[in-house]
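**Student:** Quick one: the structure is below, and I'll ask about it shortly.
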């Protein structure tokens with residue numbers, strides 16, 4: 001089959017859960033003998049190739065604007081697809097999902113698969129019009145797509161109840177990584193194995209980084225807090241985080257990282273913290289577990305479902321409980337080491353691409369045979 005993938009910023013991923021998902025999906029499909037077309041936004045990634053001959057990258061312009069970037073690029077991609085012969089059009093996220101009707105109009109014979117990643121309208125960076133738009137995109141995509149994939153069990157329950165339609169639960173996945181010794185991060189930030197706690201995400205308010213900074217500041221510890229990630233049209237929030245951390249030499253902001261530097265951060269952390277108020281199914285958390293990180297996450301359903309008994313939870317939005325759980329994990333090194341192995345095993349059991357890519361191909365075939 002030839003599959004066109006649209007809606008994402010682009011690949012290779014430079015950060016962002018959907019982008020990482022699409023990159024790994026494309027590589028896994030190619031590994032299974034499928035041809036893949038991936039649409040990139042030029043302002044995100046100008047790459048025209050990836051190290052796989054089965055994947056074609058098409059870079060098209062988009063508007064470098066918080067509200068118009070995704071929908072503008074999706075619009076142009078759909079028109080470009082009218083000149084391409086593909087077997088499946090795979091749309092990602094509810095913003096781009098708004099235009100599934102246009103795909104049906106211009107490519108009526110091509111099946112559409114939609115992946116519902118998360119309810120983005122809960123993200124606090126959006127205004128009321130953007131929230132309406134995203135909710136409408138969710139509705140259009142769920143109703144018009146030939147098949148819908150959801151990446152978490154809570155989303156499956158929500159989508160089936162709301163849209164009275166069976167959807168396919170296939171979780172976000174990762175590949176087992178190559179672990180790295182602390183070289184780059186030692187030279188740049190004096191970080192060594194097990195010397196720091198980390199969180200890795202876009203710096204947006206619903207990710208809850210402010211709770212983590214407040215809790216960490218109350219700890220008496222020689223560990224450092226390493227915050228990896230950059231702004232997502234959220235400069236005011238990023239500035240607020242820096243203000244919270246002012247005067248704390250043991251709190252380090254690295255900005256966005258990729259390549260070996262990011263691998264080293266994952267490989268050498270003592271604890272990975274995910275303090276988010278809302279998630280779909282976090283690829284950052286899955287990656288942390290695949291690197292054998294001991295994970296402490298807010299107790300929202302999407303996080304708790306992933307870690308199960310292979311990590312620890314704290315009461316969402318509670319600085320006091322987060323501080324308490326961090327202290328327990330730092331002080332109890334034997335239990336924390338055990339959690340690292342449990343996290344790794346949980347990934348191997350349930351969240352590997354090699355074990356789930358066939359499920360996605362079956363969804364494509366289902367859509368084709370309707």
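All of the numbers you see were taken from the coordinates with simple rules; none came from a lab. Since the structure is predicted, the reported quantities are computational estimates derived from the model, not experimental observations. Glycine also receives a Cβ, built like all others from the backbone with ideal geometry; neighbour counts cover every protein chain displayed.
**Student:** In degrees between 0 and 90, to the nearest 10, how far off the longest principal axis of the chain does helix 235-244 point, with axes built from Cα atoms?
**Tutor:** So the inclination is approximately 10 degrees.
**Student:** Give the value in nm², to one decimal: projected area of the alpha carbon convex hull of the chain, averaged over all directions. Walk me through the intermediate numbers first.
**Tutor:** Details: hull surface 69.0 nm².
Projected area, direction-averaged: 17.3 nm².
**Student:** Based on the alpha-carbon gyration tensor of the range 81-196 and its eigenvalue square roots a ≥ b ≥ c, which shape applies: rounded if a/c is under 1.5, prolate if not and a/b is larger than b/c, or oblate? Display every interim value, and only then the final one.
**Tutor:** Working: a/c = 2.23, a/b = 1.86, b/c = 1.20.
Taking the square roots of the gyration eigenvalues as a ≥ b ≥ c, the range 81-196 is prolate.
**Student:** Show that you can apply the helix-only estimate: for the chain, add -39,500 (n - 2.57) for every DSSP H stretch of four or more residues, divide by all residues, and state [θ] at 222 nm to the nearest 500. Before the final figure, lay out the partial values.
**Tutor:** Values: 15 runs with 164 residues, N = 370.
-13500 deg cm²/dmol, from helical runs alone.
**Student:** Taking only Cα atoms and a 10 Å spring cutoff, compute GNM fluctuations for the chain and point out the largest among 82, 136, 74.
**Tutor:** Among 82, 136, 74, the largest mean-square fluctuation in the Gaussian network model of the chain belongs to 82.
**Student:** Report the Cα centroid-to-centroid distance between the range 134-184 and the range 235-264 in angstrom, as an integer.
**Tutor:** Using only Cα atoms, the two centres lie 29 Å from each other.
**Student:** To continue, here is another question. What's the ranking of 338-348, 101-111 by average number of surrounding C-beta atoms within 10 Å, highest first?
**Tutor:** Per-residue Cβ counts within 10 Å, averaged per peptide and sorted highest first, yield 338-348, 101-111.
**Student:** Turning to a different aspect of this structure: If each residue of separation counts as 0.36 nm, what is the full-extension length gain between residue 358 and residue 304 once their alpha-carbon separation is subtracted?
**Tutor:** Working: separation 54, 0.36 × 54 = 19.44 nm, distance 2.59 nm.
Roughly 16.9 nm would be gained on extension.
**Student:** Okay, next question. List the equivalent ellipsoid semi-axes of the range 22-153 in whole Å, largest first, each obtained as the square root of 5λ for an eigenvalue λ of the Cα gyration tensor.
**Tutor:** Those come to 23, 17, 15 Å.
**Student:** Would you mind getting the Kirkwood hydrodynamic radius of the range 154-287 from its Cα pairs, rounded to one decimal in Å? List each step's numbers first, then the result.
**Tutor:** On the way: mean 1/r = 0.0612 Å⁻¹.
Here the Kirkwood hydrodynamic radius works out to 16.3 Å.
**Student:** A further question on this structure: Largest first, please: the extent of the C-alpha atoms of the range 211-328 along each principal axis, to the nearest Å.
**Tutor:** Rounded to whole Å, the extents work out to 36, 34, 30 Å.
**Student:** What do you get for Rg/Rh of the range 260-370 when both radii come from the Cα atoms and Rh is the Kirkwood radius?
**Tutor:** Working: Rg = 16.0 Å, Rh = 15.0 Å.
In the range 260-370, Rg relative to Rh is 1.07.
**Student:** In degrees from 0 to 90, rounded to the nearest 10, what is the angle of the helix 17-31 Cα long axis to the longest principal axis of the chain?
**Tutor:** That helix lies at roughly 60 degrees to the long axis.
**Student:** Moving on. Roughly what angle does helix 353-368 make with the longest principal axis of the chain, taking Cα atoms, 0 to 90 degrees, to the nearest 10?
**Tutor:** Roughly 20 degrees, rounded to the nearest 10.
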